[in-house]
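Heads up, the thing below is written out as structure tokens.
The values are calculated or read from the model by the stated rules, or taken from the named source; none is laboratory data. None of the values given here were measured: they were computed from a predicted structure. A quick note on method: Cβ atoms are made from the backbone with ideal geometry, for glycine too, and the neighbour counts reach across all protein chains shown. Please note that ligands, DNA and RNA were not included when accessible areas were found on the heavy atoms of the full protein model with its side chains. Shrake-Rupley method; radii C 1.70, N 1.55, O 1.52, S 1.80 Å.
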Amino acid sequence: MINRILIRMKVVQILYSYLLTRSRFDIIGLPDAPSRDKRFAHSLYNELLLLLLDNSGYRVAFTDDNVRVSAPERQASGQKYTRIAAALAANDELRTLATAHRSWIEALAPLRGSVGGALRESAIFKEYMRKRTPMEIDDEARLWKNLMRTVILRDKGIDTLIHADPDFTLNGYNEALSLFDATLDDFADVRSSLAEARKALGASLDKAYELYHALLQLMIDLTRARELQLDEARHKYLPTHDDLNPNMKFVENSFIRALEENADMKAYLTETPISWNDDPVTLRRLLDKITASDIYKEYMADPVSDLAKDCEVWYALFKNVIADSDELAEAMETQSVYWNDDLAIMGSFVLKTIRRFAHCGESGENLEELRLSPKYKDIEDERFGPKLFDTTVAHQEEYRALIDSRLEGSSWEPERLAFMDIVILETAIAELLNFPSVPTVVTVNEFTEIANYYSTPKSGQFVTGMLYGIINQLKSEGTLIKE
């Protein structure tokens with residue numbers, strides 16, 4: 001029912017929102033009309049950010065017309081103390097900031113050995129690295145705030161550089177530290193926590209299953225709305241002969257009656273009430289399209305009425321009149337932010353359900369015992385989404401480092417890649433490495449389609465090429481052994 005195609009789409013959607021929030025790094029700007037203290041504070045604050053970046057293994061290089069920020073070596077990147085630096089490196093403002101502080105960056109090079117050695121030998125750093133439990137981003141923020149005060153700023157070379165600034169003031173120095181702390185605290189104050197993101201994933205999958213039932217209920221409500229129209233026509237002031245003797249074939253459709261009485265449908269609606277009757281405008285507009293269609297006219301003119309034909313007309317109406325209509329798209333936007341993306345897949349299951357009703361009638365099976373599609377095919381599919389999401393989050397820095405390693409020397413510039421492409425690649429790598437029963441070609445094809453749907457026009461081609469390159473690399477390393 002909720003198949004893996006849809007699950008992958010949902011995981012990418014939620015990961016994109018979650019990781020975008022987690023990776024955003026806001027740099028505080030210079031205030032208007034700054035005093036000497038504030039001017040120095042802001043300059044030193046920028047230099048403290050560059051110190052964090054440098055001591056995380058990131059390097060800034062200058063060319064004639066460009067500023068390049070390179071990540072640490074693959075084995076060093078993705079460490080649990082480099083996530084803040086990775087977010088800072090991805091900030092569009094960093095290159096402007098780095099250009100303004102080029103002399104500072106160049107002055108750090110000869111100090112790198114002593115500062116880095118002292119940092120890694122410090123008790124604070126060693127204690128942080130010894131911890132086995134997953135470290136949250138606020139733990140890393142706390143680490144860098146402590147390291148900046150107790151290790152980095154105590155280095156004689158760094159201290160000399162800071163005091164050499166002609167605008168140096170003690171007030172500015174202390175304010176720079178406060179700005180540094182506030183920036184890291186703001187980054188650590190994640191708007192969408194991991195728990196909330198997991199909950200959002202579950203909710204979006206629940207909404208997809210709700211859409212399946214809502215589309216089935218729409219056909220019921222359209223039928224009852226048509227019945228109400230016919231009844232109102234009978235009671236108008238001057239009814240015609242046709243008003244008094246309407247063709248009831250549509251409103252007495254046996255498929256709709258069976259769907260209304262279906263035990264699974266009743267049980268779901270008891271737990272999750274669904275009705276389109278609160279949107280009479282949509283019902284009326286859709287009914288107008290239905291009754292004006294040749295499908296409806298041919299059905300109503302056919303003297304034969306049986307379950308097969310009753311199913312056939314709704315199959316054709318749903319596929320050709322309802323599913324692609326602007327009326328349905330507009331109505332769904334007000335119901336759920338997820339539904340329009342889910343319509344193609346959930347609509348296909350609605351059509352399959354109509355076919356199953358028809359087959360049940362043809363085979364003589366008891367319609368009362370017909371089951372609607374379950375939420376998941378099996379327990380593996382039910383666990384697929386949460387596992388794919390958690391695995392991607394847990395190894396996101398590692399997978400990003402793998403992506404960056406493939407980009408080195410290529411024509412693709414990492415800083416110009418769409419963030420959605422990165423999320424899609426990271427999720428695909430998680431599937432490649434952690435789901436041995438899924439063939440690699442399935443993973444490549446599915447995530448290429450997601451890239452074509454959600455990202456830029458060139459994203460599908462980019463994702464395909466990157467994934468095959470990553471697959472070949474992982475196989476050569478012995479990390480990936482499946483076909």
> Of 345, 215, 402, which is farthest along the charge dipole of the chain in the positive direction, counting Lys and Arg as +1 and Asp and Glu as -1 at C-beta?
Replying inline: 402
> How big is the charge dipole of the chain about its Cα centre, in debye rounded to the nearest 20, if each Lys and Arg gets +1 on its Cβ and each Asp and Glu gets -1 on its Cβ?
Replying inline: 1540
>> I'd like the Kirkwood hydrodynamic radius of the stretch 360-483, using the inverse of the mean 1/r over distinct C-alpha pairs, in Å.
In response: 16.3
>> Explain nothing, just the number: dipole magnitude of the stretch 282-398 about its Cα centre with +1 on each Lys and Arg Cβ and -1 on each Asp and Glu Cβ, in debye rounded to the nearest 20.
In response: 260
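Could you look at the chain and say what percent of its accessible area is carbon and sulfur, using a 1.4 Å probe and all protein chains?
Numbers: 11900 of 23870 Å².
About 50 percent, which is the carbon plus sulfur part of the accessible surface.
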> Rg(Cα) of the stretch 1-87 divided by 2.2 N^0.38 Å?
Replying inline: 1.56
> In percent, how large is the relative contact order of the chain, given Cα pairs closer than 8 Å and 6 or more residues apart?
Replying inline: 19
> How much FRET efficiency would the formula 1/(1 + (r/R0)^6) give for residue 93 and residue 326, where r is the Cβ-Cβ distance and R0 is 60 Å, rounded to 0.05?
Replying inline: 0.90
> Using the alpha carbon gyration tensor of the stretch 141-181, what are the three equivalent-ellipsoid semi-axes (square root of 5 times each eigenvalue), largest first, in whole Å?
Replying inline: 18, 14, 6
> Just the Cα atoms of the stretch 1-147: what Rg and Dmax do they give in Å?
Replying inline: 18.1, 65
> Ordered by residue, what ³J(HN,Hα) values in Hz, to whole numbers, does the stretch 343-355 give under the Karplus form 6.51 cos²θ - 1.76 cosθ + 1.60, where θ = phi - 60° and Gly and Pro are x?
Replying inline: 4, 4, 6, 5, x, 5, 6, 4, 4, 5, 5, 4, 4
> For residue 5, what charge total do you get from the other residues with a beta carbon under 9 Å from its beta carbon, if Lys and Arg give +1 and Asp and Glu give -1?
Replying inline: 0
> Can you put 272, 82 in order of accessible area, largest first, using a 1.4 Å probe?
Replying inline: 272, 82
>> Quick one: 3J(HN,Hα) in Hz for the stretch 470-483, Karplus 6.51/-1.76/1.60 with θ = phi - 60°, rounded, Gly and Pro as x.
In response: 5, 4, 5, 5, 5, 5, 5, 7, x, 7, 10, 10, 7, 8
> Taking every pair of alpha-carbon atoms in the stretch 204-259, what share in percent sits in each 5 Å bin, from 0 to the bin with the longest distance?
Replying inline: 4, 18, 21, 16, 14, 10, 7, 5, 3, 2, 0
> Quick one: accessible area per residue over the stretch 1-60, 1.4 Å probe, rounded to a whole number of Å²?
Replying inline: 34
> Rank 470, 379 by accessible area, highest first, at a 1.4 Å probe radius?
Replying inline: 379, 470
> Which order do peptides 219-228, 289-298 fall in by mean Cβ count within 10 Å, highest first?
Replying inline: 219-228, 289-298
>> Please give the Cα centre distance for the stretch 81-106 versus the stretch 257-335, rounded to the nearest Å.
In response: 56
>> Tell me which chymotrypsin sites (Phe, Trp or Tyr not before Pro) from the stretch 150-189 have a DSSP coil assignment and no more than 15 other beta carbons within 10 Å of their own.
In response: 168
>> Please list, by residue number, every one of the trypsin sites (Lys or Arg not before Pro) in the stretch 327-389 that is coil in DSSP and has at most 12 other beta-carbon atoms within 10 Å.
In response: 371
> Where does the charge balance sit around residue 429 when Lys and Arg score +1, Asp and Glu -1, over other residues with C-beta under 10 Å from its C-beta?
Replying inline: -2
>> Under 30 Å between alpha carbons, and skipping anything fewer than 8 positions from residue 266 in its own chain: which lysines qualify?
In response: 10, 199, 207, 249, 289, 309, 319, 352, 375, 377
> Which sequence of 244, 425 reflects their accessible areas, 1.4 Å probe, from the largest down?
Replying inline: 244, 425
> Which whole number in µm²/s is D for the chain by Stokes-Einstein, with the Kirkwood Rh taken over Cα pairs at 20 °C and 1.002 mPa s?
Replying inline: 80
> By its C-alpha gyration tensor, with a ≥ b ≥ c as the square roots of the eigenvalues, how is the stretch 174-297 shaped: rounded for a/c under 1.5, else prolate for a/b larger than b/c, else oblate?
Replying inline: prolate
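Against the 2.2 N^0.38 Å scaling, with N counting residues, where does the stretch 153-236 land? I'd like the Cα-based Rg ratio to two decimal places.
Scaled against compact globular proteins, the figure is 2.71.
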> Rolling a 1.4 angstrom probe over the protein heavy atoms, how many square angstrom per residue are accessible across the stretch 314-366?
Replying inline: 47
> Across 5 Å bins from 0, what is the distribution of all Cα-Cα pair distances for the stretch 159-203, in whole percents?
Replying inline: 5, 17, 15, 13, 11, 9, 7, 6, 6, 6, 3, 0
>> Can you compute the helix-only [θ] at 222 nm over the chain? Use -39500 (n - 2.57) per DSSP H run of at least 4 residues, normalise by all residues, nearest 500 deg cm²/dmol.
In response: -21500 deg cm²/dmol
>> As an exercise, use a Förster radius of 25 Å and the Cβ-Cβ distance of residue 167 and residue 114 to find the FRET efficiency, rounded to the nearest 0.05.
In response: 0.45
> So what does residue 163 come to for accessible area, using a 1.4 Å probe and Å² rounded to 10?
Replying inline: 100
>> Net charge within 10 Å of residue 59 by Cβ-Cβ distance, Lys/Arg positive one each and Asp/Glu negative one each, not counting residue 59 itself?
In response: +1
